[in-house]
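So the structure is just underneath, and the comments pick up after that.
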Amino acid sequence: MALVNLGGIEIEVDEDGFIQDPDKWNEAVAKALAQTEGIEDLTPDHWKVINYLRQYYLEFGIAPMIRKLCKETGFSLKQIYDLFPSGPAKGACKIAGLPKPTGCV
Amino acid sequence: MKAEWQELPLCRQLMQGLYPSHVAELSQTRYPLQMYEEGLKKGVSAYDYGGYISIPEIPSGAGVRTSRRPDILPESPYLRVLGPAGGWLSADTLERLADCAEKYGNGLIHLANGGTIELYAAREKLVPLVRELNSFGLDVGSTGDDLRCLTSCCGPARCDLALVDAPALATYLGQRFIDDQQYPGFPQKCKSAVAGCPNDCIRAMMQKDHSFIGVFRDLPVINNEEFKSWLAEGGDPERLVNGCPEKALKWDGHELFLDGDTCVRCMFCINNCPAIRPGRERGVAWVVGGKYGHRGPQGPMVGYVLVPFIPLTGEEGFVYLGDIFAAFLELWSEHGRRKERIGDFVARFGPRRILRALGLKAEPQILLWPKNNAFANKQGRRGGEGNGGN
């Protein structure tokens, strides 16, 4: 575990850069996390995915299944990979401040 | 200077003898034999659990084996190259693959039994490796919770019994579902194969989550003229008649008769006598849910025949099969639980419900399953000795 400065606050992250305390997440943190993923600018399309993931996580305590994410946001899996090159789990979930998803995504 | 293997007594032992040695192959590459030696010494592999790493630009990522001895080898990432249907590779393609394995990897190529070709390379070499593979028409995928490489038997390209063009259908499905093979988005992996006839030499029904198996609906065709010449060449009619698992064949000393009502199209007589050929009304059986894996509530399963006969005619037939396959994958993605293989999903969800959801009618067509007795070509003695076979 390491403490890093994201969007002006000190946050603990794991070895893959996922933040440990989802409550500390805010838009500035998301922008800073996006930089670590090589995404310079978060477009409205990015935010649509991030906000959906965030909302689902706050409601159910887990990340949604990938197909559900695609269906609800209207993006194809390919478009999600174009938006988040590391993929929905390691890219999008990280930026949305979710803990590291289990499984092999 | 001594070669690495000469310092490793257990590996050296595995290089002796006349039979081709896997260690002899490994020792000619940059594979770290020390890792293998450690495993042999301790009785526990020096490699640890496997997983996947995500790499931007390669959506399906790469597989990775972690290491218990990071001092020898920190990790071993590998890429799966989608193998062409039928498993054929020209010497030219093999040479290019070999060049890739030398240039980017450790010089080793693994012909994996899932139909893919695995190349081992360090993380930073993976993207340039994929670019070079793309340059001569190969691509990667088949990693993670996606549709795995479509495999098939050799089909009519090399087999007289092929009822459908298995490699052509597998290639069609592979091209149509390439995104599903490269962008993991299913609840679990889905292995898929096309077998040309009910002999199912590629074990699709047992091994694959989803398979199309070539079948025929009418009766085997007996050519009595050819049968006579088969007898003249020393063919044994008693063995043929007794070997039929359903006792559907009768031989009166002159002619061979088939009882169409009892025949289950098991292929026994067709495999054992050249005068009996498959019928002409051909199509595929749609089988889902086979798996060897012990994980999941059901353990290993034989595939369930969802539809026993779907006629297959030309390109339109391929498109229809692709459509129902897509609908099935969508249904599984929608209702499947996390990490639930298709076999467990079919058992939980129920085949009738699946057929209803896909808008297919469950009707007793010609047979319940393509082959009902694994011992059918052992001279009819179930589980007994025999020299029959295909």
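The values are calculated or read from the model by the stated rules, or taken from the named source; none is laboratory data. Remember, it's a predicted structure, so these values are computed and weren't measured experimentally. For neighbour counting, all protein chains shown are included, and Cβ atoms are generated from backbone atoms with ideal geometry for every residue, glycine included. Ligands, DNA and RNA are excluded from the accessible area calculation, which covers all protein heavy atoms including side chains. Shrake-Rupley method; radii C 1.70, N 1.55, O 1.52, S 1.80 Å.
Peptide packing for A:83-94, B:174-185 was compared via the average number of neighbouring C-beta atoms within 10 Å per residue; ordered from the highest value, the list is A:83-94, B:174-185.
Mean partner shielding of peptide B:33-45, defined as the number of other chain Cβ atoms within 10 Å of each residue Cβ, is 0. In terms of the mean number of neighbouring beta-carbon atoms within 10 Å, the peptides B:113-125, B:203-215 order highest first as B:203-215, B:113-125. Each residue was assigned an accessible area with a 1.4 Å probe, and for B:LYS228 the value is about 100 Å².
Please give the contour-minus-distance gain from B:LYS339 to B:TRP88: 0.36 nm per residue of separation, less the Cα-Cα distance, rounded to one decimal in nm.
Here the answer is 87.2 nm.
Suppose R0 equals 30 Å; then what is the FRET efficiency for B:ALA122 and A:GLU12 from their Cβ-Cβ distance, rounded to the nearest 0.05?
0.50
Annotation: extensible slack from B:GLU75 through B:ASP160 equals 26.0 nm (criterion: 0.36 nm per residue apart, minus Cα-Cα distance).
Within 10 Å of each Cβ of B:135-147, how many other protein chain Cβ atoms are there on average?
1
Rounded, prolate or oblate: which one fits region B:4-135, using the alpha carbon gyration tensor with axes a ≥ b ≥ c (rounded when a/c is under 1.5, else prolate when a/b beats b/c, else oblate)? Taking the square roots of the gyration eigenvalues as a ≥ b ≥ c, region B:4-135 is oblate. Using only Cα atoms and rounding to the nearest 10 degrees, what angle (0 to 90) does helix B:166-176 make with the longest principal axis of chain B? Rounded to the nearest ten degrees, it is 50. The angle separating the long axis of helix A:44-60 from the principal Cα axis of greatest extent in chain A is about 80 degrees. For chain B, modelled as a GNM whose springs connect Cα atoms under 10 angstrom apart, the maximal fluctuation among B:PRO297, B:PRO187, B:PRO198 occurs at B:PRO297. Angle of helix B:314-335 to the longest C-alpha principal axis of chain B, folded into 0 to 90 degrees and rounded to 10: 60°. Give me a single rounded figure for B:335-342: the average over its residues of other chain Cβ atoms within 10 Å of their Cβ. That works out to 1 on average. Close amide H pairs (under 5 Å, H built 1.01 Å from N) link B:SER152 with B:GLY86, B:GLY87, B:VAL194, residues at least 5 positions away or on another chain.
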